[in-house]
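Worksheet: one structure, shown below.
The values are calculated or read from the model by the stated rules, or taken from the named source; none is laboratory data. The structure displayed is predicted, hence computed values, not measured ones. Heads up, the Cβs are rebuilt from the backbone with ideal geometry, glycines too, and the neighbour counts pull from every protein chain shown. Accessible surface is based on the protein model in full, side chains and every heavy atom, while ligands, DNA and RNA are left aside. Shrake-Rupley method; radii C 1.70, N 1.55, O 1.52, S 1.80 Å.
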Number of protein chains: 4
Amino acid sequence: MDLSEKDIQPQLTRRRPGQSKLSTPRDEKDRVEIQSGTENGKTLGTPIGMLVRNEDHRPHDYSETDLYPRPSHADYTYLEKYGTKASSGGGRASARETIGRVAAAGIAEKFLTLVNGVEIVAFTTQIGLVKMDRDLTTGEFHQLLDTITREQVDACGPVRCPDASVRDLMTKEIERYRDANDSIGGIVTCVIRNLPTGLGEPCFDKLEAMLAHAMLSIPASKGFEIGSGFSGVSVPGSQHNDTFYLDTSAGRLRTRTNNSGGTQGGISNGENIYFSVAFKSAATISQEQKTATYDGKDGILATRGRHDPSVTPRAVPIVEAMAALVCADALLMQKSREFAASIVAK
Amino acid sequence: MDLSEKDIQPQLTRRRPGQSKLSTPRDEKDRVEIQSGTENGKTLGTPIGMLVRNEDHRPHDYSETDLYPRPSHADYTYLEKYGTKASSGGGRASARETIGRVAAAGIAEKFLTLVNGVEIVAFTTQIGLVKMDRDLTTGEFHQLLDTITREQVDACGPVRCPDASVRDLMTKEIERYRDANDSIGGIVTCVIRNLPTGLGEPCFDKLEAMLAHAMLSIPASKGFEIGSGFSGVSVPGSQHNDTFYLDTSAGRLRTRTNNSGGTQGGISNGENIYFSVAFKSAATISQEQKTATYDGKDGILATRGRHDPSVTPRAVPIVEAMAALVCADALLMQKSREFAASIVAK
Amino acid sequence: MDLSEKDIQPQLTRRRPGQSKLSTPRDEKDRVEIQSGTENGKTLGTPIGMLVRNEDHRPHDYSETDLYPRPSHADYTYLEKYGTKASSGGGRASARETIGRVAAAGIAEKFLTLVNGVEIVAFTTQIGLVKMDRDLTTGEFHQLLDTITREQVDACGPVRCPDASVRDLMTKEIERYRDANDSIGGIVTCVIRNLPTGLGEPCFDKLEAMLAHAMLSIPASKGFEIGSGFSGVSVPGSQHNDTFYLDTSAGRLRTRTNNSGGTQGGISNGENIYFSVAFKSAATISQEQKTATYDGKDGILATRGRHDPSVTPRAVPIVEAMAALVCADALLMQKSREFAASIVAK
Amino acid sequence: MDLSEKDIQPQLTRRRPGQSKLSTPRDEKDRVEIQSGTENGKTLGTPIGMLVRNEDHRPHDYSETDLYPRPSHADYTYLEKYGTKASSGGGRASARETIGRVAAAGIAEKFLTLVNGVEIVAFTTQIGLVKMDRDLTTGEFHQLLDTITREQVDACGPVRCPDASVRDLMTKEIERYRDANDSIGGIVTCVIRNLPTGLGEPCFDKLEAMLAHAMLSIPASKGFEIGSGFSGVSVPGSQHNDTFYLDTSAGRLRTRTNNSGGTQGGISNGENIYFSVAFKSAATISQEQKTATYDGKDGILATRGRHDPSVTPRAVPIVEAMAALVCADALLMQKSREFAASIVAK
């Protein structure tokens, strides 16, 4: 297929730090270069190598962490796991690694778009205690899922929340914690539209299982829910069940409601897939913390460095990226099966 | 290692239907027989085959579903995926398949116990709108996580909620929906104790990512959260961070709080792992439902058959089983690495 | 697709012991029963379970092996690997396990036939020192590869060699070793016809690499060669290279010669795939052998039991089975890619 | 473990072109740089990135291949597989890709050495019709396998054959084909010493199956045999069987002969692993070849460029590399199992 840096750069740019006062002042250009696998703007079928250079790297910022494992960061567990300590900031657990996910997803997304016009749009639905209304029993939220675009999300400003009534409160929430050298968490909701039916593999690789795996692999994520999720547990089956009707224009059965979130039995049913991901407050804060050194001595850690008061808005393109990678995998698995079926049905 | 049916049967028995008035009246003995891989009560190292026979199978109960895809069940999506329709009840999406997970986990659990005294205990924390207090800022819930046993959970009665103050309300909630031919969802919380540090593989196979994958593969699950989860998003970093202190008796660093839920950077830190799983109300209800046939004709489906008004209490051993399988995998991966490190360190 | 025991039984029957005086007198019916995954003779898309029962099992035949690890059998290495010893004959290293491969391959083969009329035929080309002419520079052998069928192979008698000039010598060779309570090895050659172009995955999963893996996993196999193989090393590039011409009837390029054996760069080129597999003389012989006990005491082992003087003829359907499994995997991988390409090319 | 470029460079240097008049005059320095995963000369446990730059790349040499698919090269099959044609020479099927295998194996080898003093040495045993004596029934060849070192192999001159009686004939054989703008194949034999017992995974990942897979993935390889291999098929079981004796110095059973090549039932038995790999004559020759264009027109292809008259001597470090990668994988799998067993045996 056609592929150039233009297909990949936009999401990298949306992910990169230094975009607003709400995020870390680190300024990385994050320019992607395709190194192999394409020629004359076409993919060759062979592996595609991409390179993004670090341009604003200041490792000395992290020097105090030679003594202290940062609370709720991976310093201690990496030491326990590997028996060795990297001097660089945070090592491989740094969210900087997500750049590779977003780059790879640029390819997956282009493929999904070409195959079926798949659209994946994520946005912030909660920052700290400020929530956007996600009440599924109203039609409003479902309508938003039907139509929201990335352009609209970005037009909402740096918090990436499409709900004008809470957006400013969210911004203030982040600013408040930023000014206190603190951090705050949030929730990102994501919708996948136009995904073909039949995606997801019983029993262990249900579509939501693969999505949950992907989302919980994003740094700082603590939870995942699909469809009605945690709040749906109190809705009785008689209301929760998504009953069918014939959509004559689509020529197939559809469901009147979509409490399931677009899958049944772990397989996509043609409705919108939507899910939410919880992100905790970032572990690295500039406030002093009473903690202990690697050697077990009590002390005060004041982490220097440039840190995000809220990773949630920047997680938006990462959530989209992981969703695209899961969908592309699931699509290839299912289409291979459909090919097989189509042949033997002759 | 030593292995016999006695190691595997107890959890199968906890999982099986027909145990109380709260679950389906299907009565299956679910006796496991080890077919291969052991001799004289010892494992041989070769694959272990186990067999559990269906004894109370009434396929005719499901006959009406020849016409109707059951709402929020997998009938429609299996047809879309495979292009064919199985006449048997629910086919492979039936929760009956979880019997294999629970049987396999019996082996994994025995291994985990032998290795490090790992303990895995799940219990019901919500049925419908009735919730047990899971406030992490109080010490009470954490203390419960430290000590709760399966025996205590079972002693709580069929809802499997260790909180005496809500248990009866939960039972009534289930009975209410049962009597209305309806169903209701719930939440299962699970704690893993004594898991060694260092488990979980960066970047994509973080321990919580593998747990989320495993939990979302259980039929009817809609959400997963670890540690502070969704409610933790509103806790600022300065409070959420788990600071360190030296535990002189353990001879290693521990954390004062455990909002992380026992992992940092996706790797176990030696604290309790705890997480919750949301289960929707069961899709199969005996109430009449206005829906459509496979052919797209509007109609009324009244599903016969024997169904659970709430799958949540029976999900308890399944959640434990999936947790055990994930932990055993992660343990073997890490111990292989530790072996490698120990050799080259000589 | 349509699937019943009739699709699977024939190769199991060809594989089973007790078919002639040349093989072990163990008489196993090896009847396959499909247990799951089909309904009304159609596959459901879900996993297909099959069962073949042991009917003529005499474990006491193997009792002497409690003391002695059988030379060149897996008794010693299984003990070293697993630290435990199974009392049953040979345990999991017994060629009896190949029944599962042959059963699974029945499904793969049916699929390959439906997709592209793929034909897989193996036959004996050497027993001990008696060889069938496999000179690739003559057209004769290539013509045989073009046309040989399983029916023709079986019509050749129990040695399964299609060359009438050596078949009787082969039979005598086997009888000679059988009468001496000894065993002898041989070579099986296999041809795959009508395999589509484009199968095999660079760099590590070249088609011949996957075939070699599969063949060397068959008990008693010691070598694999594709195309000109070992004898081709002395043919200079100017003769060995398979030059192209346009096959106007096929509408595509073909090669004048096929020294490559149907792949280039690890990818099928549309010519016949052909390869040979070396099988050593069976390790289990009734002759007395001077060897040592597990405890290291010198002694004489006289293995009782019913053993094949030459496993080679019975390996014929096993080689075909493994070839079918590899081809079906490679086909699904490539067809998934072709699907992807077809979509984005629109 | 300690790791620097010094551990990796030597085999890259042995692999690189331009070392003698017998190989291609392309002169690449092939300097490896470690980019990530180590610090202060120690591995961190995280992925190790390495970079080797192309320095003498002349893509225009390959321009004629725009019209012609090179016979017995991968041009045609890559086009069939991917539906697209790369202008660069040979694309991903170029043996240049093996540089990555050799670099990775540098790490694997260091690990194997530290774990058990594993030694892997390969050497040329045949060029064209000139063979070194590999008669297994004599003790001489086995003695060579016991002692041969890489230093001795390299001291043998560019053909890398340790047998002084045939080495010059081999050199002449290569020169003869080089002067005729032709190419010739050969055989590389490899021995692995000091590999622990118990490596290799039943049934499908037998050690020899994984080795065969690895070797057949090397460009231009056409065959693999372990132990007695193809010539062993004519040795009766009574002679072929490797009987046991107690090696009092080793404190364990060993075999008097080693026709098996160091594995039984696919599992290492502590004896030397040895195997041979057949390499065909290189496909790219400067001689004119009558063939057809991509469009099917008959024509004459005269490939320019710098090509090896025999890839066999340069394949020596590649065979060693793939052997090291397989052994390291198998070792980690088995040691994880041994860890598990050691724990539960307490």
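Listed here are the residues, each with its yes/no results for (1) β-branched (Val, Ile, Thr); (2) touching a Phe, Trp or Tyr at 6+ places or on another chain (Cβ under 8 Å).
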site	(1), (2)
A:ILE99	yes, no
A:THR113	yes, no
A:GLU119	no, no
A:PHE123	no, no
A:GLY128	no, yes
A:ILE174	yes, no
A:ILE187	yes, yes
A:ILE192	yes, yes
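Scanning region D:52-83 for residues that are open to solvent by less than 40 Å² (accessible area, probe 1.4 Å), modelled with pLDDT of 75 or more and not in a helix (DSSP H, G or I) yields a total of 8. Scanning region B:233-254 for residues that are within 23 Å of B:LEU211 (Cβ to Cβ) and either surrounded by 24 or more Cβ atoms within 10 Å (Cβ to Cβ) or among the acidic types (Asp, Glu) (or both) gives B:VAL233, B:HIS240, B:ASN241, B:ASP242. As a summary of the residue check, B:ILE226 satisfies the conditions (1) surrounded by 24 or more Cβ atoms within 10 Å (Cβ to Cβ); (2) of a type in the set (Val, Ile, Thr); (3) in contact with a Ser or Thr (Cβ under 6 Å, 6 or more places away or on another chain) except for the one numbered (3). Scanning region B:222-255 for residues that are under 18 Å from B:ASP133 (Cα atoms) and among the acidic types (Asp, Glu) gives a single hit, B:GLU225. Just one of the listed residues (C:THR291, C:THR284) is touching a His at 6+ places or on another chain (Cβ under 6 Å) and in contact (Cβ under 8 Å) with a residue 12 or more places away in the chain, namely C:THR284.
Take A:ALA105 and tell me if it is among the aliphatic types (A, V, I, L, M) and either at pLDDT below 95 or more than 18 Å from the chain's Cα centre (by Cα) (or both). It is false that A:ALA105 is among the aliphatic types (A, V, I, L, M) and either at pLDDT below 95 or more than 18 Å from the chain's Cα centre (by Cα) (or both).
Has region D:268-278 got any residue that is among the aliphatic types (A, V, I, L, M), within 27 Å of D:THR197 (Cβ to Cβ), more than 9 Å from chain C (Cβ to nearest Cβ) and part of a strand (DSSP E or B)? Yes, that holds for at least one residue. Which one is farthest from the other protein chains (Cβ to nearest Cβ), of the residues in region D:287-346 that are basic (Lys, Arg) and either part of a helix (DSSP H, G or I) or over 30 Å from D:ARG16 (Cα atoms) (or both)? Per the criteria, the residue is D:ARG314.
Annotation note: Cβ proximity below 7 Å between a residue of region D:42-61 that is on the phi > 0 side of the Ramachandran plot and a residue that is modelled with pLDDT under 90 and among the β-branched types (Val, Ile, Thr) (sequence gap 6+ or interchain) occurs for D:GLY45/A:THR84. Test of understanding: among D:PRO158, D:PRO196, which residue is touching a residue at least 40 places away in the same chain (Cβ under 8 Å), within 26 Å of D:MET333 (Cβ to Cβ) and open to solvent by 10 Å² or more (accessible area, probe 1.4 Å)? It is D:PRO196. Scanning region B:2-19 for residues that are modelled with pLDDT under 90 and open to solvent by 40 Å² or more (accessible area, probe 1.4 Å) yields a count of 2. Name the residues in region A:113-137 that are under 30 Å from A:PRO236 (Cβ atoms), open to solvent by 50 Å² or more (accessible area, probe 1.4 Å) and not in a strand (DSSP E or B), would you? Within region A:113-137, A:LEU129, A:ASP133, A:ARG134, A:ASP135, A:THR137 qualify.
Meeting the requirement of 1 or more residues that are within 7 Å of another protein chain (Cβ to nearest Cβ) and closer than 19 Å to A:PHE275 by Cβ, the helices (runs of 4 or more DSSP H) wholly within region A:152-262 are A:207-216, A:237-240.
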